[in-house]
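Participant: Got a structure here, written out as structure tokens. Questions coming.
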Amino acid sequence: MQTIFEPFRIKMTEPIKVISKEERIRKLHEAHHNVFLLNAEDCMIDLLTDSGTGAMSARQWAGMMLGDESYAGSRSWKKFESTIRTITGIKHIFPTHQGRAAESLLALTQVKPGDLIPNNSHFDTTRANMEYAGAEALDLICEEASDLEKEFPFKGNMHIGKLQDCLESHHEKIPFVMITVTNNTGGGQPVSMANLKEVRSLVDQYNIPLVLDACRFAENAFFIKTQEEGYAQKELLDIAQEMFSLVDAATMSLKKDGLANIGGFFICNQDDWAEQFKNALILREGFPTYGGLAGRDLEACAIGLLEALSLDYQTYRHATIQYMLDKLIKAGIPVVRPAGGHAVFLDAAKFLPHIGKVHFPAIALVNALYCEGGIRAVGLGSLMFGKYDASGGLIPAPHELVRMAFPRRVYTQSHFDYMVEVVLNVWGKRSELSGYLIEKEPPFLRHFSAWLKPV
Ligand SMILES: *Cc1c(COP(=O)(O)O)cnc(C)c1O
């Protein structure tokens, strides 16, 4: 079938303000050419992130009304805890207000200066939290991922050889190994169960804990079901349970596969980790049975986690990405292949080869998409990941990508057709686009708030 079947009907609508191209150009100028500084109402299609931007189901909204706002041991906490235990089988469960709070408390309690944290690929907040604690965050992504257009089903896999070398040389400095499903930064590409098992057996040799960044565990489970041998007949829940059975701990943003607008968790099997985490949680987030969330949020998250494991939902979710990617590939647009789990990624370095990396081609493309069609995407390139050398020169990121992340259950097929049309229009005038310079930047996560100016 060519048509996406959205397995839901729309019960409530939210108007989108349509604004002219002239207005969009003016708004972007006022936002210092950084789309993070735009007002959301000036974005006709907002693909900045899939984080916390999804539409909740009728069941989740009904759950919100059942929220038990008791400070300690609430009914909503019990539901949250038992749902996560069913999916993960993990012993200690702590709510946090979002994913980075779990990461920051993990770093605070388990990471010290001089440590090394290997990961298939750190997400930006994970990297920032590990580096802030004085550790080096090491990305050990598989070989296949470096070729952006290569069709390989599990481009999020950990590079086993590199992890082995790293453990052999530095195991004393490694408090834990992380693995991120799916690999957000590298195209939403999944990790296979076979790779997870190999990582598990490697860390076991050194008795080092394995921590899953589980933000998109359900999307990853769908890829395992549809792409990995031996899983076609399994339920997504069974696959998720198997994934979690291979790790000692996990961090999660429930704004992703929790299908909620806020929430996160940290879970672990180690009693000593749990004790340290709990004490840090009480100090920073709240009592361990609410962890910075309202009872109604705990309800929405518990219901959303199970909805994310619905096969109809995941089939539809994947179809939206595949649909858009197929149309872009057909038009010759450089994109990351194969389709990831939550976004379409344009390769800005190939899209705009005339713009040097010091002038941030990913940002040039993001800004062009906004001016052309009011679409807000995000640049994953040298503005986000670039560093400075000793003399202040830019060390560029390995790739210049533009991520168009799809909010869950929000946009319809005609919105996707519109997005394709906008990308094609920008493609048609790509030679006229130019790059950007940084006018002002903060010390951490500069892409969020930097001021830019056109070259
Ligand atoms: C979003 C995300 C996080 C951080 O979660 P927040 O809820 O945004 O703090 C961590 N890791 C990955 C892979 C993510 O996508």
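The values are calculated or read from the model by the stated rules, or taken from the named source; none is laboratory data. Since the model is a prediction, treat every value here as computed from it, not as a measurement. Positions of Cβ are backbone-derived with ideal geometry, glycine not excepted, and every protein chain shown enters the neighbour counts. The accessibility values were calculated without ligands, DNA or RNA, using every heavy atom of the protein model including side chains. Shrake-Rupley method; radii C 1.70, N 1.55, O 1.52, S 1.80 Å.
Participant: Suppose we look only past 15 Å in the calculated P(r) of segment 298-365. What percent of the Cα-Cα pairs does that tail hold?
Facilitator: 64
Participant: Taking the Cα centre of the chain as the origin and placing charges on Cβ (Lys, Arg +1; Asp, Glu -1), which of LEU311, PHE8, PHE94 is farthest toward the positive end of the dipole?
Facilitator: PHE8
Participant: The chain: D in µm²/s via Stokes-Einstein (Kirkwood Rh, Cα pairs, 37 °C, 0.692 mPa s)?
Facilitator: Rounded, D is 146 µm²/s.
Participant: If you count the DSSP beta bridges with both ends in segment 58-307, what percent of them are antiparallel, to the nearest 5? Write out the running numbers ahead of the final one.
Facilitator: On the way: 12 of 23 bridges.
Taking every DSSP beta bridge within segment 58-307, about 50 percent pair in antiparallel fashion.
Participant: Could you pull out the GluC sites (Glu not before Pro) across segment 216-320 that fall in loop regions by DSSP (anything but H, G, I, E, B) with no more than 16 other Cβ atoms inside 10 Å? Please list the in-between numbers first.
Facilitator: On the way: sites: GLU219, GLU228, GLU229, GLU235, GLU242, GLU275, GLU285, GLU299, GLU307; in loops: GLU228, GLU229, GLU235, GLU285.
Here the sparse-neighbourhood loop sites are GLU229, GLU235.
Participant: Kirkwood-based Rg over Rh for segment 316-455 (C-alpha set), two decimals?
Facilitator: Rg divided by Rh gives 0.98.
Participant: Can you check what the net charge comes to around PHE80, using other residues whose Cβ is under 12 Å from the Cβ of PHE80 (Lys, Arg +1; Asp, Glu -1)?
Facilitator: Overall, the nearby charge balance is +1.
Participant: Given segment 133-252, report the % of alpha carbon pairs whose separation exceeds 22 Å.
Facilitator: 31
Participant: Shifting gears a bit: How large is ³J(HN,Hα) for each residue in segment 398-406, as worked out from phi by the Karplus curve 6.51 cos²θ - 1.76 cosθ + 1.60 (θ = phi - 60°), to whole Hz, x for Gly and Pro?
Facilitator: Listing the rounded values in order: x, 9, 10, 10, 10, 9, 9, 8, 9 Hz.
Participant: Run through every distinct alpha carbon pair of segment 123-188 and return the Kirkwood hydrodynamic radius in angstroms, one decimal place.
Facilitator: Details: mean 1/r = 0.0768 Å⁻¹.
Radius from the Kirkwood sum: 13.0 Å.
Participant: Putting +1 on Lys and Arg Cβ atoms and -1 on Asp and Glu Cβ atoms, find which of ASN129, ILE117, LEU259 reaches farthest to the positive end of the dipole of segment 58-307.
Facilitator: LEU259
Participant: Continuing with the same structure: Count neighbours as other Cβ atoms within 10 Å of each site's Cβ, and list the trypsin sites (Lys or Arg not before Pro) in segment 23-55 that are DSSP loop with at most 16 such neighbours.
Facilitator: Filter output for segment 23-55: empty list.
Participant: Using a probe radius of 1.4 Å on heavy atoms only, what accessible surface per residue do you get for segment 238-281? Whole Å² is fine.
Facilitator: 26
Participant: Can you give the three extents of the C-alpha atoms in segment 58-307 along their principal axes, from longest to shortest, in whole Å?
Facilitator: If we take the Cα atoms of segment 58-307, the spans are 49, 43, 27 Å.
Participant: Scan segment 372-439 for trypsin sites (Lys or Arg not before Pro) in coil per DSSP, keeping those whose Cβ has at most 12 other Cβ atoms within 10 Å, and list them by number.
Facilitator: LYS429
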